[in-house]
Amino acid sequence: MKSLFLMIHLLIILPAVLFSQPEATVVRTIHKPAIDGVLSEEIWEMAVPVTGFVQREPDTGAPASQETEVLLLYDDNYLYIGIRCYDDPNKVIGREMARNASLQNDDRLQIILDTHLDGRNAYWFQIGPGGSIGDAVISANGREINRDWQGLWDGRASIQPHGWEAEIAIPFKTINFDSRKSTWGVKFIRHISRNLESAYWPDANINNLEDAVSDAGLLHGLEGISQGVGLDINPWVIGGHNSRIDGGSFLGDTGVDVFYQITPGMRGVL
């Protein structure tokens, strides 16, 4: 009877141990870091580093060839992400600078945020050492990626003696989430181009798609945040000069772009 009780107990607790999701913590700050791509401010020392990246390719299951640290902070309005990618700075590949450029041949770090913790839908953010940033919306657990979505956020990067660094600020008003939940799903992917290497945190399930949301870890600590009404208003001014033999003329126009977050994958634009 005692042996039977022990076996039943093990059958209950083992799945929880074997399939528990890795966890990360985001720390609240009262000071906003300068988003300049350099992790030199003391504020980042408050963060609890996310480390221990594991290769999916080429050596599945092996530790990443280069160390990576991801630092997470937040305040009432923003989620801040600091990235420290250790490497030989002379071997870092970061040619692209334009937004939403293909970084297929560059080093880069990708972030997947499952803001509703449903294991299927998420926001996808990317930054490379050259400063190029990109974003998308993931649905159907990685089977569908909408790259037409463009959030209003900021990201900068820089080459450092120990590799490359990046800083990201994501306004809560640019994404959709359940404010009653203090835990999101999170997943980080670092690509080291010269090694054809992809390293994941948490350890990737090789049977899932690369951008699968269901194998994300848990991000704890997001207390007291609000999306507001999901409304962004951006005024703009453009100008130019029309050159002609008679002296030409100056041209100009003004306007305003209005963005409203209808759903995680649908953004109204006026």
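Annotations
- Extending 7 Å from the Cα toward the beta-carbon at both E23 and N77 defines two label points whose distance is 3.1 nm.
- What the phi angles of the range 151-166 give under the Karplus curve with 6.51, -1.76 and 1.60, with θ = phi - 60°, is a coupling list of x, 9, 8, 10, x, 9, 9, 7, 7, 10, x, 9, x, 9, 10, 8 Hz, glycine and proline written as x.
- Distant-in-sequence amide H partners of E96 (H built 1.01 Å from N, under 5 Å): G130
- Computed from point charges on the beta carbon alone (+1 for Lys and Arg, -1 for Asp and Glu), the dipole magnitude for the range 28-174 about its Cα centre is near 380 Debye.
- Net charge contributed by nearby residues that have their C-beta within less than 13 Å of N141 (K/R +1, D/E -1): -3
- Neighbour net charge for I189 - beta-carbon separation under 10 angstrom, K R +1, D E -1: +2
- Close amide H pairs (under 5 Å, H built 1.01 Å from N) link E57 with S198, residues at least 5 positions away or on another chain.
- Less than 5 angstrom separates the built amide H of G163 from those of D87, all sequence-distant by 5 or more or on a different chain.
- Inter-probe distance in nm under a simple model that places probes 7 Å from Cα toward Cβ, at M46 and I206: 4.1
- At R0 = 30 Å, FRET efficiency that the Cβ-Cβ distance of D148 and S226 yields, to 0.05: 0.70
- Carbon + sulfur, % of accessible area of the range 120-217 - ligands and nucleic acids excluded, 1.4 Å: 42
- Rolling a 1.4 Å probe over the protein chains gives M97 an accessible area of about 140 Å².
- Rounded to the nearest 10 square angstrom, E42 shows an accessible area of 140 square angstrom against a 1.4 Å probe.
- Note, ³J(HN,Hα) from phi for the range 168-184, Karplus 6.51, -1.76, 1.60, rounded to Hz, x at Gly and Pro: 10, 10, 10, x, 5, 6, 8, 10, 9, 7, 8, 5, 7, 9, 9, 10, 10
- Straightening the chain between Q104 and R180 buys 23.6 nm, computed as 0.36 nm per residue apart minus the Cα-Cα spacing.
- On the beta carbon distance between D36 and M97, with R0 = 22 Å, the FRET formula returns roughly 0.90.
The values are calculated or read from the model by the stated rules, or taken from the named source; none is laboratory data. Quick caveat, the model's predicted, so the values are computed rather than measured. As a convention, Cβ positions derive from the backbone with ideal geometry for all residues, glycine included, and neighbour counts pool all protein chains shown. To get the accessible areas, we keep the full protein, side chains included, count just its heavy atoms, and leave off ligands, DNA and RNA. Shrake-Rupley method; radii C 1.70, N 1.55, O 1.52, S 1.80 Å.
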